[in-house]
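What follows is a single structure, written as structure tokens, with notes after it.
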Amino acid sequence: MNKIKFYLGLQGNKTPDEYIKIAKTAEKNGFDRLYVYDDLLYYPSFPILTTIAHHTKKIKLGPCLVNGFYRHPAVITSSYAYLNQVSNNRAVLGLGRGAFYDLLKLESEEEYTRKGYEETIQLVKHFLEKDHKVFEGEIHKATEKAFLKVPAPKNPYIITATWNYNMAYIAGKYSNELQVAEVWNEKYLGELYHAFLEGKKENKIKDLPRLSIGGMMCVANSEKEAIRIAKPTVAVYMPYLQTILKSHNIDFETPEIQKIFELSKSGKISEAVKLLSDDITKVLALVGTPDQVAERVNNLRKKYPIHGLLLSPPYGTSNDVVKNIKYLKKELFKKLY
């Protein structure tokens, strides 16, 4: 197996000083890439990444993920271009469908948001290539006068983050890398990777197809403790992970799971946690001891050419992200090289 790269995902809920300290620690402890999420009603990703860029030297930086409904493709492109400038060509761009449309009463049907994603990535590439032609999509449109007026990254690197089969195919058509989140099911991961490769046949980018995995995780000295700490985060995102539940043949129409969805969307996370089983937590998150987590990841690496592993909150048992990073470096990384 090739040496795996490590990516750190950060939420948009920290102070500037915290981001600087975390980013410096991540860079020092072997992380190759740092993502900041662009979730609704948190701090936006690009200003945070710009702050981090001024205080780091090597680690690659990017949002994971932005979408064309909350951020217009023109704004996404110019923000990415600026981040690349201030980071000295270290910027990557994570795109996807996004979630939480229900909070703003936006149309959230899978087919519609998938079409929005495809047009977003098409229009972003259109702007990056400084194409002066008219762009006429069903959702996004641009005249011949709409073109990027600042320097574009010379070698733009676009990552599509998804756990959806159709999205993985579109990702193959337009992006450099597929980032699969929350998928620890070998069979389903294989289906997504196959879809990505099929789409790649239509891609003009002639580099090797890259596959990364990751998502919510918690590594602790005991599996029980890891599961306990992971549950509140899993409860927050669980209503949007129905595709993953389905891939494990879990019936999410049951009254108990529907109640978890309802409580989660109402912000009653502690009540949702009380109904969340250990088994479902282990389906949706990477939890356990360092040996258990490493075994789970390495089993997937034996089957698929996994390029990177994204580590998302809560990471470990400490409330201090810096301490969790050091713990992961010491206890987990050596088991994955």
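The values are calculated or read from the model by the stated rules, or taken from the named source; none is laboratory data. As the structure is a prediction and not an experimental result, all values here were calculated from the model. Please note: Cβ atoms are built from the backbone with ideal geometry, for glycine as well, and neighbour counts cover all protein chains shown.
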Seminar exercise, completed: Flagged in the stretch 71-99 as at pLDDT below 95 and either touching an Asp or Glu at 6+ places or on another chain (Cβ under 7 Å) or farther than 15 Å from Tyr37 by Cα (or both), in numbering order, are none
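Kindly evaluate Val234 against the criterion of being in contact with a His (Cβ under 6 Å, 6 or more places away or on another chain), touching a residue at least 12 places away in the same chain (Cβ under 8 Å) and over 28 Å from Glu27 (Cβ atoms).
On the way: in contact with a His (Cβ under 6 Å, 6 or more places away or on another chain): no; touching a residue at least 12 places away in the same chain (Cβ under 8 Å): yes; over 28 Å from Glu27 (Cβ atoms): yes.
No.
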For this session: Tell me, please, whether a residue that is part of a strand (DSSP E or B), touching a Lys or Arg at 6+ places or on another chain (Cβ under 9 Å), of a type in the set (A, V, I, L, M) and closer than 30 Å to Pro314 by Cα can be found in the stretch 191-211.
Result: no
Exercise. Looking at (1) out of contact with any Phe, Trp or Tyr (no Cβ under 9 Å at 6 or more places or on another chain); (2) over 19 Å from Asn185 (Cα atoms); (3) of a type outside the set (D, E, K, R), can you tell me which one Gln258 breaks?
Worked result: (1)
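Check Val219, Val236 and return the single one that is of a type outside the set (D, E, K, R) and either surrounded by fewer than 20 Cβ atoms within 10 Å (Cβ to Cβ) or on the phi > 0 side of the Ramachandran plot (or both). Write out each step before concluding.
Details: Val219 fails: either surrounded by fewer than 20 Cβ atoms within 10 Å (Cβ to Cβ) or on the phi > 0 side of the Ramachandran plot (or both).
Result of the check over Val219, Val236: Val236.
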Exercise. If a residue has to be touching an Asp or Glu at 6+ places or on another chain (Cβ under 9 Å) and either of a type in the set (Ser, Thr, Tyr) or within 25 Å of Leu178 (Cα to Cα) (or both) to count, how many in the stretch 136-149 make the cut?
Worked result: 4
Exercise. Given the residues Asp102, Asp32, Asp17, Asp38, which is the only one that is more than 21 Å from Gln179 (Cα to Cα) and in contact with a Lys or Arg (Cβ under 8 Å, 6 or more places away or on another chain)?
Worked result: Asp102
Exercise. If you check every pair at least six apart or on different chains, which have Cβ atoms under 9 Å apart with a residue in the stretch 107-125 that is closer than 13 Å to Tyr70 by Cβ first and a residue that is among the hydroxyl-bearing types (Ser, Thr, Tyr) and surrounded by 23 or more Cβ atoms within 10 Å (Cβ to Cβ) second?
Worked result: Tyr117/Thr160; Tyr117/Thr162
Problem set entry | Yes/no for Ala152 being part of a loop (DSSP other than H, G, I, E, B) and out of contact with any Asp or Glu (no Cβ under 9 Å at 6 or more places or on another chain) | no
Exercise. Since Lys133 meets every condition but one in (1) over 25 Å from Glu198 (Cβ atoms); (2) of a type outside the set (S, T, N, Q); (3) without any contact (Cβ under 8 Å) to a residue 12 or more places away in the chain; (4) assigned to a helix (DSSP H, G or I), which condition does it not meet?
Worked result: (4)
For this session: Exactly one condition in (1) at pLDDT below 95; (2) surrounded by fewer than 13 Cβ atoms within 10 Å (Cβ to Cβ); (3) over 24 Å from Lys265 (Cβ atoms) is not met by Asp102; state its number.
Result: (3)
Problem set entry | Sole residue being among the small types (Gly, Ala, Ser), assigned to a helix (DSSP H, G or I), within 19 Å of the chain's Cα centre (by Cα) and crowded, with 22+ Cβ neighbours inside 10 Å, chosen from Ala230, Ala226 | Ala230
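If I filter the stretch 64-88 down to residues being among the β-branched types (Val, Ile, Thr) and free of Cβ contacts under 8 Å to residues at least 40 places away in the same chain, which single residue comes out as surrounded by the most Cβ atoms within 10 Å (Cβ to Cβ)? Quick ask: steps written out before the conclusion?
Taking the stretch 64-88 and keeping what is among the β-branched types (Val, Ile, Thr), we get 66, 75-77, 86.
Pick out the ones that are also free of Cβ contacts under 8 Å to residues at least 40 places away in the same chain and you get 66, 75, 86.
Numbers: Val66: 27, Val75: 13, Val86: 15.
Among them, the one singled out is Val66.
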Exercise. Looking at (1) in contact with a Ser or Thr (Cβ under 8 Å, 6 or more places away or on another chain); (2) free of Cβ contacts under 8 Å to residues at least 12 places away in the same chain, can you tell me which one Ile229 breaks?
Worked result: (2)
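Output yes when any residue across the stretch 54-74 is part of a helix (DSSP H, G or I) and touching a strand residue (DSSP E or B) at 6+ places or on another chain (Cβ under 7 Å), and no when none is. Step through it out loud before you land on a result.
In the first step, residues of the stretch 54-74 are kept if they are part of a helix (DSSP H, G or I); the result is 73-74.
Pick out the ones that are also touching a strand residue (DSSP E or B) at 6+ places or on another chain (Cβ under 7 Å) and you get none.
Among the residues of the stretch 54-74, not one is part of a helix (DSSP H, G or I) and touching a strand residue (DSSP E or B) at 6+ places or on another chain (Cβ under 7 Å), which makes the answer no.
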Exercise. Glu202 versus (1) more than 30 Å from Leu332 (Cβ to Cβ); (2) touching a Leu at 6+ places or on another chain (Cβ under 8 Å): which is the lone unmet condition?
Worked result: (2)
Exercise. Which number in (1) in contact with a Gly (Cβ under 9 Å, 6 or more places away or on another chain); (2) assigned to a loop (DSSP other than H, G, I, E, B); (3) modelled with pLDDT of 95 or more; (4) not hydroxyl-bearing (Ser, Thr, Tyr) marks the one condition that Phe6 misses?
Worked result: (2)
